[in-house]
Amino acid sequence: MTGTPKSARQRRRRDEFRSAFTGVSDIPNLAVAPSRALIAASVPRGMRRSPSQRAFLRALKEAPEVLALRSDGYSNLLRVANDIAFHADWTTMCSRPTRAGIVERTGLHVDTVKRWVRWLRVRGWLGTVEEGTTVRFRKGTRAGLDDDGYGNRAAVWVLCVPRQTTPPPHDHHPADQPEDTTAPPTVSPHRGETTDPSHARETPTPTRTHSRISPTWGLHHTPRTKRDRLAACERLRHEATPFRRMTGWYLRHLLKPFLDAGWTVADVLHALDVRPDDSRWTYTWLSSSELRHVPGWVRYRLAAWIDADGQVLASRSQRKAAADARVRASQQAWRDELHAIAAAAGTELPRAPRPSRAEALAPPLSPATEPVAANAAFRAARAELERRRRERAVAAAKPAR
């Protein structure tokens with residue numbers, strides 16, 4: 001009689017034991033989902049299991065520690081995180097991609113993949129449900145158990161996001177909080193905004209919470225001086241959210257060629273959305289916090305408004321003003337031609353001055369009327385009032401007895 005081999009019986013018994021207590025199968029793919037208790041125990045402190053793949057990726061992109069990375073590290077991290085999130089189970093949010101699979105799908109080096117996976121695990125974005133093992137270290141770990149014959153085992157991770165902490169009611173001041181606290185500063189602050197003293201005995205000056213320049217510059221006003229350009233940049237920072245990650249001084253330096261060419265705030269905002277041929281730019285990000293380098297984005301958009309010789313093209317307001325000037329010139333030429341024809345015929349047309357817009361929109365005035373002469377009753381009443389006034393003056397001048 002042939003019976004079941006001892007190794008197979010032991011392997012089946014071991015799988016049943018692990019499935020009963022941990023819910024983790026010992027086969028390459030997860031036939032049995034991990035238990036809720038095991039997943040909850042795998043979530044790092046201060047984190048919670050992500051409700052969805054999109055929530056995990058969005059929270060990762062908005063984290064300050066991720067935004068502080070260099071552009072190449074940021075790109076590699078998101079490629080690894082996207083691949084791990086793509087292979088996560090929708091119910092348990094557990095992912096089991098192999099290291100070789102991540103390397104093949106992302107095109108990154110194996111050391112780069114290991115580095116960013118370790119980065120995610122150390123900072124709590126990935127909770128380890130099951131450690132990955134190999135045949136070399138798994139063989140003979142228990143007495144009487146040989147190799148299970150399944151090769152290397154991939155690790156199982158659960159996607160985690162930071163736990164939302166609500167401050168106490170007496171410390172919650174929404175009006176005092178900044179609008180964007182996840183974006184790191186792109187450039188160094190202005191010299192006057194630093195808190196460190198320049199000399200040993202100098203006391204630090206308090207940090208200003210608002211800019212010295214008021215953001216009330218007109219959208220359609222052309223800046224002439226350096227201070228006007230700084231005021232225009234402050235208005236830009238007030239109108240567009242991405243510009244708030246830069247100081248007004250740095251923004252003035254960035255837009256110097258365009259402001260020197262006579263552009264207005266409205267022209268800059270228009271050029272960031274529309275090309276010179278009136279075709280619109282497309283946006284691939286959902287919020288301004290996803291922009292890695294705002295100055296580079298601004299330079300790329302505004303480079304379309306610079307010709308091959310390095311000269312700034314005419315803005316929308318300048319093009320509109322030139323078109324209006326051409327229309328007025330053609331109208332004046334038509335009037336001159338009409339007057340020349342009338343002069344040749346021996347007549348002269350009146351050259352009435354063109355009314356201004358305020359005069360054209362003003363209501364018509366009522367025709368002037370002749371003043372009405374005073375009648376006898378009015379003159380008699382006026383004489384009586386004069387007599388009474390003189391009597392009161394005489395009475396006031398007499399000395400009191």
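The values are calculated or read from the model by the stated rules, or taken from the named source; none is laboratory data. Predicted model, so just to flag it, every value in this text is computed and none were measured. With ideal geometry, Cβ positions are generated from the backbone for all residues, glycine too; neighbour counts draw on all protein chains shown. In case anyone asks, the SASA skips ligands and DNA or RNA and just uses the protein heavy atoms, side chains included. Shrake-Rupley method; radii C 1.70, N 1.55, O 1.52, S 1.80 Å.
Residues of the range 320-360 being open to solvent by 100 Å² or more (accessible area, probe 1.4 Å), of a type outside the set (Phe, Trp, Tyr), in a helix (DSSP H, G or I) and at pLDDT 70 or above, which ones? Selection gives Lys320, Arg326, Arg328, Glu337, Ile341, Glu359.
For the criterion of being basic (Lys, Arg) and at pLDDT 90 or above, Arg96 fails. Tallying residues that are in a helix (DSSP H, G or I) and buried (at least 18 other Cβ atoms within 10 Å of the Cβ) within the range 88-106 yields 2. When you look at Ala85, is it open to solvent by less than 50 Å² (accessible area, probe 1.4 Å), in contact with a strand residue (DSSP E or B) (Cβ under 7 Å, 6 or more places away or on another chain) and either in a helix (DSSP H, G or I) or closer than 20 Å to Pro44 by Cβ (or both), yes or no? Yes, satisfied.
Looking only at the range 262-291, residues that are part of a loop (DSSP other than H, G, I, E, B), of a type in the set (A, V, I, L, M) and open to solvent by 30 Å² or more (accessible area, probe 1.4 Å) come to 1 in all. Scanning the range 96-128 for residues that are under 12 Å from Trp157 (Cα atoms) and either touching a strand residue (DSSP E or B) at 6+ places or on another chain (Cβ under 6 Å) or not basic (Lys, Arg) (or both) returns Arg96, Pro97, Thr98, Val117, Leu120, Gly124, Trp125, Leu126, Gly127, Thr128.
If the condition is being among the acidic types (Asp, Glu) and closer than 23 Å to Val66 by Cα, then the range 289-318 contributes only Glu290.
Filtering the range 281-310 to residues that are farther than 27 Å from Leu57 by Cβ and of a type outside the set (Val, Ile, Thr) leaves Arg299, Leu302, Ala303, Ala304, Trp305, Asp307, Ala308, Asp309, Gly310.
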